[in-house]
Amino acid sequence: MNLSPATMMPDAELVAIAGERAVCDMRGVLYFPETDVLAVSDLHLEKGSSLARRGALLPPYDTIATLARLQEALDLYRPRIVVSLGDSFHDGEGAARLHPAFRERLEAMMAGRDWFWIAGNHDPDAPADLPGDTVRELAIGALLFRHEPSRTPVEGEIAGHLHPCARIVQRGRSVRRRCFASDGARMVMPAFGAYTGSLNVLDRAYAGLFRRDSLMAYMMGRDRVFAIAGSMLRPG
């Protein structure tokens, strides 16, 4: 797929990261048309089963819901390369707990394309019995894909881990949504998993990651992505 502003999905936002064009999609994926790369972060597959093992019983539908949304994004963009930016599984045994039907569905998504599992803090090792390459980080052109953002400026870095969200207040109404956070030099992606939480981009965990005068939050609305300047953001 080769996207131009005229043909881009109406529910997405076209951005530039270190000079590379990218599409922030409302489904929570990031697509690079020039390299045909689709990035997704923090799937946290099998989080429900992981919590159940600790006695916290939640409806066991997170994996199927997450895979369904991922399938939708893959069907839309049909990327040649997929990069999963770490914490793809909620723990190191998550891949082994996949129901055979879920495993079959995931393997079907992976077929015919290059698939990279970036090692995360929840899943530092290769997922059991799944295809794809597991790496600590991955360089593609001017971009560097990794799980945790570096504490020092890295031009072209695409990371996850922090589960960013943004909050704005307009006409007395507060709106809080997951978001892509970027200053044009680097980006932190939203968590994709159905059972994942989020952390406001103004939290101190993000201190030093972005140039404040260039910070943008690409907020995921119900029907589209909204580009919000950093000056509009509120804590909480």
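The values are calculated or read from the model by the stated rules, or taken from the named source; none is laboratory data. For clarity, every value in this text was computed on a predicted model and none was experimentally measured. Virtual Cβ from ideal backbone geometry, glycine too; neighbours counted across all protein chains shown. Calculation scope for accessible area: heavy atoms of the full protein, side chains included, ligands and nucleic acids excluded. Shrake-Rupley method; radii C 1.70, N 1.55, O 1.52, S 1.80 Å.
List of remarks:
- Selection from segment 34-54 of residues that are open to solvent by less than 10 Å² (accessible area, probe 1.4 Å) and in contact with a Leu (Cβ under 9 Å, 6 or more places away or on another chain): Val37, Leu38, Ala39, Val40, Ser41, Asp42, Leu43, Leu45, Gly48
- For the condition touching a residue at least 24 places away in the same chain (Cβ under 8 Å), more than 15 Å from the chain's Cα centre (by Cα) and under 21 Å from His44 (Cα atoms), Ala142 does not qualify.
- Within segment 195-220, being over 15 Å from the mean Cα position of the chain (by Cα) and part of a strand (DSSP E or B) holds for Asn200, Met216.
- Residue check, Met187 in contact (Cβ under 8 Å) with a residue 12 or more places away in the chain, closer than 29 Å to Pro60 by Cα and surrounded by 23 or more Cβ atoms within 10 Å (Cβ to Cβ): no
- When residues of segment 122-145 are limited to those that are farther than 14 Å from Ala95 by Cβ and not in a strand (DSSP E or B), the one least open to solvent (accessible area, probe 1.4 Å): Ala142
- Sub-8 Å Cβ pairs linking a first residue in segment 93-104 that is over 19 Å from Gln71 (Cβ atoms) to a second residue that is open to solvent by 60 Å² or more (accessible area, probe 1.4 Å) and not aliphatic (A, V, I, L, M), at least 6 apart or interchain, are Ala96/Asp129, ordered by first then second residue.
- Enumeration of residues in segment 48-78 that are at pLDDT below 95 and of a type in the set (S, T, N, Q): Ser49, Ser50
- In segment 221-233, the residues that are outside any loop (DSSP other than H, G, I, E, B) reach residues that are open to solvent by less than 80 Å² (accessible area, probe 1.4 Å) and aromatic (Phe, Trp, Tyr) with C-beta atoms within less than 6 angstrom, at least six apart or across chains, in these pairs: Val225/Tyr218; Ala227/Tyr218.
- For segment 154-180, the candidate set comprises residues that are assigned to a loop (DSSP other than H, G, I, E, B) and without any contact (Cβ under 8 Å) to a residue 40 or more places away in the chain; within that set, the residue that is nearest to the chain's Cα centre (by Cα) is Val154.
- Output for segment 58-89, where each listed residue is at positive phi and open to solvent by less than 10 Å² (accessible area, probe 1.4 Å): Gly86, Asp87
- Test for Gly184: is it part of a loop (DSSP other than H, G, I, E, B), in contact with a Ser or Thr (Cβ under 6 Å, 6 or more places away or on another chain) and more than 25 Å from His99 (Cα to Cα): yes
- Residue check: Leu233 meets all listed conditions (1) more than 20 Å from the chain's Cα centre (by Cα); (2) open to solvent by 50 Å² or more (accessible area, probe 1.4 Å); (3) on the phi < 0 side of the Ramachandran plot but one, namely (2).
- Residue match in segment 158-175 (condition: farther than 29 Å from Pro60 by Cα and open to solvent by less than 10 Å² (accessible area, probe 1.4 Å)): yes
- Residue-level analysis places Val201 among those that are surrounded by 20 or more Cβ atoms within 10 Å (Cβ to Cβ) and either among the charged types (D, E, K, R) or without any contact (Cβ under 8 Å) to a residue 60 or more places away in the chain (or both).
- Residue satisfying all of: in segment 98-121; closer than 16 Å to Thr63 by Cα and in a loop (DSSP other than H, G, I, E, B); most open to solvent (accessible area, probe 1.4 Å) among these: His99
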